[in-house]
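Dumping the structure here so I can ask a few things about it.
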Amino acid sequence: MEEHRFEIDDIALYRRLCGFKDRNLKTIESAIGVTIIPRGNTLIVNGPPKEAEAAVKLLHIMSDHLDGCEERQDFDDFAVKYLARTVAAGKDVRPGNIDRFRIVIPETGRTVAPRTLNQAEYISHIHSHPITFSIGPAGTGKTYLAVAVGLQMFLKGKVERIILTRPAVEAGENLGFLPGDLIQKINPYLRPLYDALFDLLPFERVSSLIEKGSIEIAPLAYMRGRTLNRAYIILDEAQNTTMSQMKMFLTRLGNESRIVISGDVTQIDLEKPSKSGLLHAMRILRDVEEIAFMRFAREDICRHPIVEKIVAAYDRHAKKDG
């Protein structure tokens with residue numbers, strides 16, 4: 001066991017660091033596995049060497065962040081848990097990146113906050129990697145959070161357009177037999193993406209952006225031959241891409257662009273599921289540093305509580321049949 005001391009001269013800052021009734025300290029103790037004793041303006045940290053050092057590092061990061069922001073801004077339990085897990089894992093966390101995973105839509109002031117640690121990690125990956133894969137069951141926030149980050153980047157001028165695409169497996173990627181023009185034909189398959197957009201911005205604003213081409217909706221087959229610069233591209237339902245489609249899509253990435261790919265490998269609708277472009281990409285791209293892979297679990301489901309039970313029941317059934 002080791003003992004470390006962390007002192008803060010500013011009493012107001014010290015109280016904000018500890019949290020109401022030392023709530024932040026208790027969260028750190030539980031998350032990292034140390035004991036923190038507040039004494040005057042000093043925090044005494046006791047624990048195994050590695051854990052004690054991680055806790056002191058976290059206290060430094062938190063105090064630096066609080067010292068540079070408004071007095072009314074404090075840490076909530078989720079933020080402390082996320083930071084504690086990140087620091088304990090040996091990952092680099094800078095004070096300026098602490099609020100990165102809180103998505104604020106500039107025009108409306110709407111704030112979207114992650115509800116699980118994996119969701120926070122997902123948002124962080126999108127900001128720090130040109131390509132991010134998110135794999136997991138329905139209801140884990142894969143699509144919604146990707147759309148929210150995309151809107152934030154677009155409204156802040158970091159990208160010039162948002163492109164939404166999805167393989168229309170049910171229509172054989174042909175779409176010819178469906179009534180209407182291209183947008184009307186592909187719309188039914190992009191409904192989840194639309195739902196996220198309309199939840200974050202007024203209907204009229206989204207419609208205007210679509211009319212101007214700032215938000216583009218296109219079937220995956222129509223992406224061939226393009227180079228997408230300063231764009232934020234979301235590929236939804238990626239488990240239903242073929243290997244050639246996935247390669248084609250990934251190589252559309254241009255300068256200053258972001259690609260976010262989401263899918264559920266338990267819901268592959270292809271005739272030969274083993275040929276899924278998502279499964280193939282997960283195997284051959286896992287060692288590329290610039291590509292992040294985020295795997296969600298049932299614990300990340302944020303829909304109605306019964307959804308997690310439904311997913312678990314189907315998983316048990318599949319294992320039993322297998």
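The values are calculated or read from the model by the stated rules, or taken from the named source; none is laboratory data. Values in this document were obtained by computation on a predicted structure and should not be read as measured data. So basically every Cβ, Gly included, is an ideal-geometry build from the backbone, and we count neighbours across all protein chains shown. The area values use the complete protein model at the heavy-atom level, side chains included, leaving out ligands, DNA and RNA. Shrake-Rupley method; radii C 1.70, N 1.55, O 1.52, S 1.80 Å.
Could you please find all residues in the stretch 20-34 being at negative phi and open to solvent by 70 Å² or more (accessible area, probe 1.4 Å)?
F20, R23, K26, S30
Another question, then. For the stretch 159-169: of the residues being modelled with pLDDT under 95 and open to solvent by 10 Å² or more (accessible area, probe 1.4 Å), which is nearest to L197 (Cα to Cα)?
R166
Take the residues of the stretch 3-14 that are out of contact with any Asp or Glu (no Cβ under 8 Å at 6 or more places or on another chain) and assigned to a helix (DSSP H, G or I): which is least open to solvent (accessible area, probe 1.4 Å)?
Among those residues, the one meeting the criterion is Y14.
Being under 26 Å from D264 (Cα atoms) and open to solvent by 20 Å² or more (accessible area, probe 1.4 Å) is the filter here, so list the residues in the stretch 197-225 that pass it.
F198, D199, E216, A221, Y222, R224
Are there any pairs, at least 6 apart or on different chains, whose C-beta atoms fall under 7 Å, with the first in the stretch 34-59 and of a type in the set (S, T, Y) and in a helix (DSSP H, G or I) and the second open to solvent by less than 50 Å² (accessible area, probe 1.4 Å) and at pLDDT 95 or above, and if so, which?
none
If only one of T251, T241 is buried (at least 20 other Cβ atoms within 10 Å of the Cβ), farther than 17 Å from H127 by Cα and among the hydroxyl-bearing types (S, T, Y), which one is it?
Working: T251 fails: buried (at least 20 other Cβ atoms within 10 Å of the Cβ).
Testing whether each residue is buried (at least 20 other Cβ atoms within 10 Å of the Cβ), farther than 17 Å from H127 by Cα and among the hydroxyl-bearing types (S, T, Y) leaves just T241.
May I ask you to say which residue of L66, L59, L43, L17 is farther than 20 Å from K91 by Cβ, buried (at least 19 other Cβ atoms within 10 Å of the Cβ) and in contact with a strand residue (DSSP E or B) (Cβ under 6 Å, 6 or more places away or on another chain)? Give the derivation first.
Numbers: L66 fails: in contact with a strand residue (DSSP E or B) (Cβ under 6 Å, 6 or more places away or on another chain); L59 fails: farther than 20 Å from K91 by Cβ; L17 fails: in contact with a strand residue (DSSP E or B) (Cβ under 6 Å, 6 or more places away or on another chain).
When all the criteria are applied, what remains is L43.
Output the number of residues of the stretch 111-135 satisfying the condition of being without any contact (Cβ under 8 Å) to a residue 12 or more places away in the chain and buried (at least 23 other Cβ atoms within 10 Å of the Cβ).
0
Would you point out which residue out of I284, I310, I268, I261 is more than 25 Å from I233 (Cα to Cα) and out of contact with any Pro (no Cβ under 8 Å at 6 or more places or on another chain)?
Result: I310 is the single residue among I284, I310, I268, I261 that is more than 25 Å from I233 (Cα to Cα) and out of contact with any Pro (no Cβ under 8 Å at 6 or more places or on another chain).
Let me ask something else. Restricting to the stretch 263-283, name every residue that is part of a loop (DSSP other than H, G, I, E, B), among the charged types (D, E, K, R) and either surrounded by fewer than 20 Cβ atoms within 10 Å (Cβ to Cβ) or modelled with pLDDT under 90 (or both).
D269, E271, K272 - these are the residues of the stretch 263-283 that are part of a loop (DSSP other than H, G, I, E, B), among the charged types (D, E, K, R) and either surrounded by fewer than 20 Cβ atoms within 10 Å (Cβ to Cβ) or modelled with pLDDT under 90 (or both).
A further question follows. Is it the case that the stretch 284-302 has a residue that's touching a strand residue (DSSP E or B) at 6+ places or on another chain (Cβ under 9 Å) and part of a helix (DSSP H, G or I)?
Checking the stretch 284-302: not a single residue is touching a strand residue (DSSP E or B) at 6+ places or on another chain (Cβ under 9 Å) and part of a helix (DSSP H, G or I).
Checking L190 against (1) aliphatic (A, V, I, L, M); (2) in contact with a strand residue (DSSP E or B) (Cβ under 6 Å, 6 or more places away or on another chain); (3) at pLDDT 80 or above, which single condition isn't satisfied?
L190 satisfies all of (1) aliphatic (A, V, I, L, M); (2) in contact with a strand residue (DSSP E or B) (Cβ under 6 Å, 6 or more places away or on another chain); (3) at pLDDT 80 or above except (3).
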